[in-house]
Amino acid sequence: MQTIRDLNELRRARAMLEGTVAIVPTMGALHAGHLALVEAAKARADHVVTTIFVNPMQFGPNEDLARYPRQEAADAALLEAAGVAILWLPNVATMYPAGFATKISVAGVGDVLDGAARPGHFDGVATVVAKLFGQVRPDVAFFGEKDWQQLAVIRRMVADLTMGLEIIGVPTEREADGLARSSRNAYLSAGERAAALALPMAMKAAVAAIEGRADVAVSLAEARAKVGAAGFVVDYIELVDAGLSPVGVLAGEARLLGAAKIGTTRLIDNFAVGGAKEKR
Ligand code: AMP
């Protein structure tokens with residue numbers, strides 16, 4: 001694996017890669033969820049480029065940019081063992097040099113839910129992902145379904161800007177008890193970690209209720225109440241369609257999306273409703 005921090009060096013190394021190239025963008029603090037993306041990428045392309053960049057543009061002023069976990073050496077060892085060809089580690093000056101003035105803003109799917117709760121977040125995501133695509137020029141890119149809305153924003157951007165690469169979503173990797181793996185789980189105290197399970201549990205109960213034809217609004221209210229009772233402050237638990245518009249009555253496939261804060265840690269999760277189930 002080549003670990004590269006310089007853009008010219010990245011371009012030279014990229015030009016040497018023959019065949020297809022997959023990109024797996026991350027913010028590091030890697031876990032089994034990230035490694036599932038790398039595995040899927042390896043199965044699909046000749047070479048995998050993984051990027052680690054904690055992107056200031058996607059953090060709000062009162063969010064966790066400063067304390068976001070950084071563990072570059074451990075991450076590099078995991079990626080090397082996973083068979084990654086290039087680890088691209090740009091710094092802030094490389095990504096946002098003096099005079100940087102462009103922002104990609106995806107309306108609609110980027111405005112609702114987390115877009116409303118975290119103003120500017122998806123502009124930061126779309127802009128940095130567009131830059132990473134421009135730097136690495138991949139044939140295919142892998143993103144986790146864990147960040148369902150992010151995946152929708154990126155698909156919209158790639159279609160709208162004719163970026164000409166394929167976007168593949170990978171199912172959410174979970175801890176043994178069902179909590180979605182996240183770099184932010186490291187923030188949780190033991191008590192918070194135990195309570196955090198209420199988020200996926202309540203959401204799964206709502207999925208079962210809604211699929212069993214219970215009233216959608218009632219099922220969502222029950223889920224919010226359970227998550228609140230476990231000690232979370234709920235941002236939203238909503239049933240949405242593929243365009244992330246609210247679904248009042250289940251007809252076909254939908255997705256249950258949730259976001260809630262426990263202590264100082266904000267967790268998100270999502271589940272399929274009424275459609276094909278995830279294999280794990
Ligand atoms: P992050 O480092 O949190 O920005 O995530 C980098 C990529 O890994 C994104 O595409 C995420 O959706 C994906 N990812 C994060 N957690 C998981 C998970 N538990 N399962 C699958 N993919 C994940």
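With respect to L78, is the statement that it is within 15 Å of the ligand (Cβ to nearest atom) and open to solvent by 40 Å² or more (accessible area, probe 1.4 Å) true?
So L78 fits the description; yes.
Just checking, how many residues over segment 158-170 are more than 7 Å from the ligand (Cβ to nearest atom) and either within 15 Å of the chain's Cα centre (by Cα) or closer than 20 Å to A41 by Cα (or both)?
Pass one, segment 158-170, residues more than 7 Å from the ligand (Cβ to nearest atom): 158-169.
Going one step further and asking which of them are either within 15 Å of the chain's Cα centre (by Cα) or closer than 20 Å to A41 by Cα (or both), we end up with 158, 163-169.
Number of matching residues: 8.
Mind listing just one residue for me: the one in segment 2-61 that is among the polar types (S, T, N, Q) and open to solvent by 40 Å² or more (accessible area, probe 1.4 Å) and, of those, nearest to K131 (Cα to Cα)?
Filtering segment 2-61 for residues among the polar types (S, T, N, Q) gives 2-3, 8, 20, 26, 50-51, 55, 58.
If we keep only those that are open to solvent by 40 Å² or more (accessible area, probe 1.4 Å) too, we end up with 2-3, 8, 20.
Details: Q2: 20, T3: 18, N8: 14, T20: 19 Å.
Only one residue tops the list, namely N8.
Just for segment 26-42: of the residues that are within 6 Å of the ligand (Cβ to nearest atom) and not β-branched (V, I, T), which one is farthest from the chain's Cα centre (by Cα)?
A36
Which one of these does A98 not meet: (1) loosely packed, with under 13 Cβ neighbours inside 10 Å; (2) within 13 Å of the ligand (Cβ to nearest atom)?
Here A98 meets the rest and fails (2).
Please go through segment 118-139 and give me each residue that is farther than 19 Å from I52 by Cβ, open to solvent by less than 50 Å² (accessible area, probe 1.4 Å) and either hydroxyl-bearing (S, T, Y) or away from the ligand (no atom under 13 Å from the Cβ) (or both), ordered by number.
Those that are farther than 19 Å from I52 by Cβ, open to solvent by less than 50 Å² (accessible area, probe 1.4 Å) and either hydroxyl-bearing (S, T, Y) or away from the ligand (no atom under 13 Å from the Cβ) (or both): R118, G120, D123.
What about R184, is it within 13 Å of the ligand (Cβ to nearest atom), within 17 Å of V54 (Cα to Cα) and among the charged types (D, E, K, R)?
Here the answer is yes, as R184 does meet what is asked.
Checking the condition in contact with a Pro (Cβ under 8 Å, 6 or more places away or on another chain), within 30 Å of Q71 (Cβ to Cβ) and of a type outside the set (S, T, N, Q), which residue from G178, G169 passes?
Matching residue, one of G178, G169: G178.
In segment 226-280, what count of residues is obtained for those that are among the acidic types (D, E) and either modelled with pLDDT under 95 or not in a loop (DSSP other than H, G, I, E, B) (or both)?
Of the residues in segment 226-280, 4 are among the acidic types (D, E) and either modelled with pLDDT under 95 or not in a loop (DSSP other than H, G, I, E, B) (or both).
Could you list, in sequence order, all residues of segment 226-280 that are among the charged types (D, E, K, R) and surrounded by 13 or more Cβ atoms within 10 Å (Cβ to Cβ)?
So in segment 226-280, the residues among the charged types (D, E, K, R) come out as 226, 235, 238, 241, 253, 255, 261, 266, 269, 277-280.
K226, D235, E238, D241, E253, R255, K261, R266, D269, listed by residue number.
Looking for whichever is closer than 21 Å to F143 by Cα, in contact (Cβ under 8 Å) with a residue 12 or more places away in the chain and more than 12 Å from the ligand (Cβ to nearest atom) here; the options are I4, I23, I52, I86. Which one fits?
It is I86.
Give segment 228-266 a look and list any residue that's in contact with a Lys or Arg (Cβ under 7 Å, 6 or more places away or on another chain) and among the aliphatic types (A, V, I, L, M), or say none.
V233, V234, I237, V240, A259
The values are calculated or read from the model by the stated rules, or taken from the named source; none is laboratory data. Quick caveat, the model's predicted, so the values are computed rather than measured. Please note: Cβ atoms are built from the backbone with ideal geometry, for glycine as well, and neighbour counts cover all protein chains shown. Side chains included, ligands, DNA and RNA excluded: accessible areas come from the protein's heavy atoms. Shrake-Rupley method; radii C 1.70, N 1.55, O 1.52, S 1.80 Å.
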